[in-house]
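The values are calculated or read from the model by the stated rules, or taken from the named source; none is laboratory data. The shown structure was predicted, so the numbers you read here are calculated from the model rather than taken from an experiment. Cβ atoms come from the backbone with ideal geometry, glycine included; neighbour counts cover every protein chain shown. These area figures cover heavy atoms from the full protein model, side chains too; ligands, DNA and RNA do not enter into them. Shrake-Rupley method; radii C 1.70, N 1.55, O 1.52, S 1.80 Å.
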Amino acid sequence: MATFTLPLITIWKFSRLRDEPMAVLVAMLAASDFTFGIVLTSLGVLEITLGYVPFCTAFQYLVVASAGAVKIATLGLAVDQYTAVSNPLRYHCLMERRLPWLIAASCFQFVQLTVVGGLFHAAGAITWHEFSHPGQNGTALFAGCRWEPRLSSTHMFIFEGEVFLSSLLTSLLMLYTARVGIKRRRAFQRRRRRGAETGSEHDRFMENFRAFEKILKLISLSLLLDVTTPVFRLYQRWHAMPTIAGVLHVLRLGCTILEGSTYGLMNRSLRKAYKDLLGIKTREVRPAQVRTITVRTNTETIN
């Protein structure tokens, strides 16, 4: 949970970061991750302490809604990375127009998944377990607060489909950003070989593209799991494989933590703010001292 709260506290403390589009999007991702984590943790704590979970179904729908919001926030950060690589000099201008829409999309995803889930529950729609095992009592079969006998099968199908589409768009946009970045880097290299001036655009582009390359390497497993896991979970509606499902679930949770940390650490402004907040002093590199040695020569004149 500390991984998710650190960006929120940092941006709350340092108001200058609110003018950084990527920092705001990282905070949006952290807020969605924090909601997901706190609700999921509350389920376990309540079940251990009370032996049951009040409003279990409501908690489960909130977990689903916050997970959906996380994936839309990740898509927003992919848009941010594409803008930074493809238009480094116009980045702030373009992102200032896109930022409100990206934040609204993540919030809308959370609200619509919560409301739609509540409507399905009120209508008494069949659950995930009832669809896979007609005629069986899922509540009696699954001990504790489990989502299988409580969440609507149709709602989960919609959720997994939305996660698949948003994750696929995120992955494709990240790959396209890599392609654009490689082409621009080669173009700058050709210009420099011809002796042409590249100016500040080259410096800004290289800084953004190096950070993007690090991000892509670190979250590549997360992107792969986000695309493949929803397909596997939908396949489980007809052919249950609990062991593989458990492994994929643990991997996705771990990748969620890594993903949230990666974007924050790859942003220079956020990284500096983290150090300031935690009291970590940045080591200053002093310029090397150059000693000037004067050599005197005596010239003898021979007559």
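Looking at this structure, is F157 crowded, with 19+ Cβ neighbours inside 10 Å and either at pLDDT 85 or above or in a loop (DSSP other than H, G, I, E, B) (or both)? It is false that F157 is crowded, with 19+ Cβ neighbours inside 10 Å and either at pLDDT 85 or above or in a loop (DSSP other than H, G, I, E, B) (or both).
Can you find even one residue in the stretch 1-20 that is small (G, A, S) and farther than 16 Å from R146 by Cα? Before the answer, list the steps.
Within the stretch 1-20, the first condition is being small (G, A, S), and the residues that meet it are 2, 15.
After this cut, where a residue has to be farther than 16 Å from R146 by Cα as well, the list is 2, 15.
Yes, some residue in the stretch 1-20 is small (G, A, S) and farther than 16 Å from R146 by Cα.
The rows are residues; the columns are (1) loosely packed, with under 10 Cβ neighbours inside 10 Å; (2) among the aliphatic types (A, V, I, L, M); (3) at pLDDT below 75.
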| site | (1), (2), (3) |
| --- | --- |
| V247 | no, yes, no |
| L253 | no, yes, no |
| E259 | no, no, no |
| T297 | yes, no, yes |
| E300 | yes, no, yes |
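With respect to (1) within 26 Å of the chain's Cα centre (by Cα); (2) more than 30 Å from I257 (Cα to Cα), the lone exception for R194 is condition (1).
For the stretch 245-264, a residue qualifies if it is without any contact (Cβ under 8 Å) to a residue 60 or more places away in the chain and either within 13 Å of L221 (Cβ to Cβ) or aliphatic (A, V, I, L, M) (or both), and the qualifying residues are A245, V247, L248, V250, L251, R252, L253, G254, C255, L258, T262.
Selection of first residues in the stretch 229-244 that are assigned to a loop (DSSP other than H, G, I, E, B) and of second residues that are open to solvent by less than 80 Å² (accessible area, probe 1.4 Å), restricted to Cβ pairs under 6 Å at least 6 apart or on distinct chains, gives the following pairs, ordered by first then second residue: R237/S132. Summed over the stretch 94-132, the residues that are open to solvent by 40 Å² or more (accessible area, probe 1.4 Å), part of a helix (DSSP H, G or I) and of a type outside the set (A, V, I, L, M) give a count of 13. The criterion of at least 3 residues that are over 30 Å from R204 (Cα atoms) and open to solvent by less than 20 Å² (accessible area, probe 1.4 Å) is met, among helices (runs of 4 or more DSSP H) falling completely within the stretch 1-88, by 21-50, 56-86.
Evaluate the following for L277: is it in contact with a Ser or Thr (Cβ under 9 Å, 6 or more places away or on another chain) and either farther than 18 Å from A67 by Cα or among the aromatic types (F, W, Y) (or both)? Yes: the conditions hold for L277. Residues that are in a helix (DSSP H, G or I), farther than 14 Å from P88 by Cβ and open to solvent by 30 Å² or more (accessible area, probe 1.4 Å) within the stretch 184-220 comprise R186, Q189, R190, R191, R192, R193, E213, K214, L216, K217, L218, S220, listed in sequence order.
Tallying residues that are open to solvent by 50 Å² or more (accessible area, probe 1.4 Å) and under 23 Å from S166 (Cα atoms) within the stretch 228-243 yields 4.
Taken over the stretch 190-247, the residue count meeting the criterion of being under 25 Å from S269 (Cβ atoms) and acidic (D, E) is 4.
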